[in-house]
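Comments concern the structure below.
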Amino acid sequence: MTVEVRTCTPDTTVSELMKMMTEHRIRHVPVVDEAGALISIVSIGDVVKNHVSELDSERQALRDYVASAN
């Protein structure tokens, strides 16, 4: 638990979340709306899973691009 709870909004990017979670050594971040009401909670596992998925998609796109050049 922490005294200073860090939150994010639905518009926060995965990159921003990774940075915040790393810098402040936190594993869970509440997602809040404009009024500060809780919408959800994002875990470090969610962030890593999304990041790996993005990297995999990028890797596949690059492979397809290189294969189409032949």
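Taking label points 7 Å from Cα along the Cα-to-Cβ direction, Ser43 and Ala69 give a separation of 4.1 nm. Computed on protein heavy atoms with a 1.4 Å probe, the accessible areas place Val52, Val47, Val42, Val3 in the order Val3, Val52, Val42, Val47, largest first. Legend: calculated FRET efficiency, Met20 to Glu54, from the Cβ-Cβ distance at R0 = 22 Å, rounded to 0.05, equals 0.80. Residue ranking by accessible heavy-atom surface, 1.4 Å probe, largest first, among Ile39, Ile44 comes out as Ile39, Ile44. Counting only alpha carbon atoms, the long axis of helix 14-24 and the longest principal axis of the chain meet at about 50°. Exposed loop sites here are trypsin sites (Lys or Arg not before Pro) assigned a DSSP state other than H, G, I, E or B and surrounded by at most 12 other beta carbons within 10 Å; excluding them, the longest clear run of the chain is 28-70. Pick the calculated mean projected area of the Cα convex hull in nm² for this structure from (i) 5.3; (ii) 5.5; (iii) 5.9? Of the listed options (i) 5.3; (ii) 5.5; (iii) 5.9, (iii) comes from this structure. Let me have the relative contact order for the chain, percent, based on Cα pairs under 8 Å that are six or more residues apart. Over the chain, the number comes to 25 percent.
Report the longest stretch of the chain that contains none of the GluC sites (Glu not before Pro) sitting in a DSSP loop with at most 14 other Cβ atoms within 10 Å.
35-70
Using the alpha-carbon atoms, what tilt in degrees (0 to 90, nearest 10) does helix 44-69 show relative to the longest principal axis of the chain? That helix lies at roughly 20 degrees to the long axis.
The values are calculated or read from the model by the stated rules, or taken from the named source; none is laboratory data. All of these numbers come straight from a predicted model, not from anything done at the bench. Quick reminder, even Gly has a Cβ in these numbers, built from the backbone with ideal geometry, and neighbours come from all protein chains shown. These area figures cover heavy atoms from the full protein model, side chains too; ligands, DNA and RNA do not enter into them. Shrake-Rupley method; radii C 1.70, N 1.55, O 1.52, S 1.80 Å.
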